[in-house]
């Protein structure tokens, strides 16, 4: 028993030493300096302050990763570069809700100047634990419903950020469908009812379509393996397919594109990346740009010293139609000039 | 860095203690009743959902947590009925209930994500670090006492040798249903407390619970030993805390990407479990070698001595 304990202690202390030596800066080849590790990036001898930010992301996912890259790009453009005067502590919960909580606690206990939370579950966990530092969230659909902020104009506390939906966008898209696709009487939505963002958006879509007398049917999925069958179940029952900003469904969107193309059903999405992959149209934005917007909020707080409570929650404001003409051909859609005229910026937003 | 590590220790203990209740539940089905009960993935969220809905509706948090416990008991009872009366394999009954509970939880919660911020919880006045050790200890003592009563002993016997205990007249079906219900009740209670500690309940928060529960049970047993029931329940609680601490440790290791978190967690647990095995192996070989030396020496001396002197 004693020997077993001894080896266990040895392994544990080896790990502690490893954790201790490996820390204290973004780089791996930093010389071991135990004293000056509190928040200082490696080697900022030139004048100017250096900052440490911690990022908590819920899961690896193209949209969330693009958001994170956008944030870091905004910081870089403002002069805060990782490795030079910025230390980034990036944590990913890998869709494990228990790890999500552990990460929030770790970030709260660590030494950092600002916390970035990407996606609603991460934001909720971080906001609960971090009360003395600015918190900026991104890729959160409904911050008020998630009780991250009390109101959108003047959050008031230490939390602010960028929301990734604009109900206007959904209304614009639904009006577009009603106007240019008169033979669409039913729209099918492939949705993961377990994601709050998807549920909120689907409800808004339903309401917007109801004003045009168009019915909505839902095909529910719980994980990516069910998406293909759900899409196939809509064939014959729906005249068009629509998906929201739904992590699970967006991850498996290729299956839906296949079904839409094979059965000549117009396919609408809620984000630009999916249109680039093969959906016909959306009113949307790139997640990279959304992250950039959030990054600008971070810069505002860090460099200009603004109080997060004074910064209003930002929404995607550059809303424009994005059309994919190749996808239109594959889905048997005749793209009229009227449709093309709806696009304000045809050069970037009409994909050939 | 050491400061950050020490800083994450209270958090790990806090989470570890709350998840320890779930681990105790898993211990009951996995070790005592001898099958891994996957209902846990669903009943964890059921507990969180029931407690959250009640707390948001204005119920006193302790009452809500007790209601969550009984929600878990109901879920466990369904699994038990499927297994004993429906004669469905234990593993499969758990899976079926887990799948069903996903939809049932959606109905309970009404939406995928419920925020508890601004509501009164059991942790509003008392820090989890003070409340949880007392609470978990109380539950552990109650569980130990129960497992030493006649009913508890019958439960343990049902898991060990159902034919024997049935021949002695005990109703194994009722025992199994009781065990599974109690187990899921504890898991649901744990879910309710986690929802109150973290400030929100999410439909997917139970996914992977069975794995964490099993890991806690096995780690605890490997490190602290499980000779008696009293020792085993203590080991399970420590196993849960250690697992949380391992995750906190893995979060601090900087040499790997953030995406390697689960890999590092698995590696640390593997090291913790394999080292004792290696230890035993090395010891056995040393003992065997020493024995063969002795035998050689004994046979050598017998050759040299004359007559039948007893060696």
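Among what's in region B:86-118 and is within 12 Å of another protein chain (Cβ to nearest Cβ) and without any contact (Cβ under 8 Å) to a residue 12 or more places away in the chain, pick the residue that is farthest from residue B:42 (Cα to Cα).
It comes out as B:118.
Could you count how many residues in region A:274-290 are part of a helix (DSSP H, G or I) and farther than 23 Å from residue A:75 by Cα? Walk me through it before giving the result.
Taking region A:274-290 and keeping what is part of a helix (DSSP H, G or I), we get A:274-277, A:287-290.
Filter again for farther than 23 Å from residue A:75 by Cα, leaving A:274-277.
Number of matching residues: 4.
Looking at the structure I just gave you, is residue B:219 in a helix (DSSP H, G or I), in contact (Cβ under 8 Å) with a residue 12 or more places away in the chain, within 9 Å of another protein chain (Cβ to nearest Cβ) and under 21 Å from the mean Cα position of the chain (by Cα)?
Working: in a helix (DSSP H, G or I): yes; in contact (Cβ under 8 Å) with a residue 12 or more places away in the chain: yes; within 9 Å of another protein chain (Cβ to nearest Cβ): no; under 21 Å from the mean Cα position of the chain (by Cα): yes.
Answer is no for this residue.
Would you point out which residue out of A:96, A:164, A:150 is over 28 Å from residue B:263 (Cα atoms), within 10 Å of another protein chain (Cβ to nearest Cβ) and either free of Cβ contacts under 8 Å to residues at least 60 places away in the same chain or within 17 Å of the chain's Cα centre (by Cα) (or both)? Working first, answer last.
On the way: A:96 fails: over 28 Å from residue B:263 (Cα atoms); A:164 fails: within 10 Å of another protein chain (Cβ to nearest Cβ).
Among A:96, A:164, A:150, only A:150 is over 28 Å from residue B:263 (Cα atoms), within 10 Å of another protein chain (Cβ to nearest Cβ) and either free of Cβ contacts under 8 Å to residues at least 60 places away in the same chain or within 17 Å of the chain's Cα centre (by Cα) (or both).
Conditions tested, residue by residue: (1) under 22 Å from residue A:321 (Cβ atoms); (2) modelled with pLDDT of 90 or more.
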residue	(1), (2)
A:158	no, yes
A:165	yes, no
A:176	yes, yes
A:182	yes, yes
A:188	yes, yes
A:211	yes, yes
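Looking at A:308, A:316, can you tell me which residue is at pLDDT 90 or above and surrounded by fewer than 23 Cβ atoms within 10 Å (Cβ to Cβ)? Give the steps one after another, and end with the answer.
Working: A:316 fails: at pLDDT 90 or above.
Of the residues listed, the single one that is at pLDDT 90 or above and surrounded by fewer than 23 Cβ atoms within 10 Å (Cβ to Cβ) is A:308.
Among all residue pairs at least 6 apart or on different chains, which show Cβ distances below 6 Å where the first residue, located in region A:37-60, is farther than 28 Å from residue A:140 by Cα and within 14 Å of another protein chain (Cβ to nearest Cβ) and the second is in a loop (DSSP other than H, G, I, E, B) and modelled with pLDDT of 85 or more?
A:38/A:111; A:41/A:50
Which count do you get for residues in region B:236-271 that are at the interface with chain A (Cβ under 7 Å from one of its Cβ atoms) and either free of Cβ contacts under 8 Å to residues at least 60 places away in the same chain or part of a loop (DSSP other than H, G, I, E, B) (or both)? Quick ask: steps written out before the conclusion?
Of all residues in region B:236-271, those at the interface with chain A (Cβ under 7 Å from one of its Cβ atoms) come to B:244, B:247-249, B:251-255, B:258-259, B:261-262, B:268, B:271.
Those left that are additionally either free of Cβ contacts under 8 Å to residues at least 60 places away in the same chain or part of a loop (DSSP other than H, G, I, E, B) (or both): B:253-255, B:258-259, B:261-262, B:268, B:271.
Matching residues across region B:236-271 total 9.
State which residue is surrounded by the fewest Cβ atoms within 10 Å (Cβ to Cβ) when the search covers only region A:176-203 and only residues that are within 14 Å of chain B (Cβ to nearest Cβ) and assigned to a helix (DSSP H, G or I).
A:203
Restricting attention to region B:29-61, which residues are part of a helix (DSSP H, G or I) and surrounded by fewer than 24 Cβ atoms within 10 Å (Cβ to Cβ)?
At the first step, the residues of region B:29-61 found to be part of a helix (DSSP H, G or I) are B:29-32, B:39-56, B:61.
Hits for region B:29-61 are B:30, B:31, B:32, B:53, B:54, B:56, B:61.
On the basis of being at pLDDT 90 or above, away from chain A (no Cβ under 12 Å) and assigned to a helix (DSSP H, G or I), does residue B:177 make the cut? First the steps, then the outcome.
Details: at pLDDT 90 or above: yes; away from chain A (no Cβ under 12 Å): yes; assigned to a helix (DSSP H, G or I): yes.
The answer is yes for residue B:177.
Here are the criteria: (1) touching a residue at least 60 places away in the same chain (Cβ under 8 Å); (2) buried (at least 24 other Cβ atoms within 10 Å of the Cβ); (3) assigned to a helix (DSSP H, G or I). Tell me which single one residue A:115 does not satisfy.
Of the numbered conditions (1) touching a residue at least 60 places away in the same chain (Cβ under 8 Å); (2) buried (at least 24 other Cβ atoms within 10 Å of the Cβ); (3) assigned to a helix (DSSP H, G or I), the odd one out for residue A:115 is (3).
The values are calculated or read from the model by the stated rules, or taken from the named source; none is laboratory data. Since we're looking at a predicted model, the values are computed, not measured. Cβ atoms come from the backbone with ideal geometry, glycine included; neighbour counts cover every protein chain shown.
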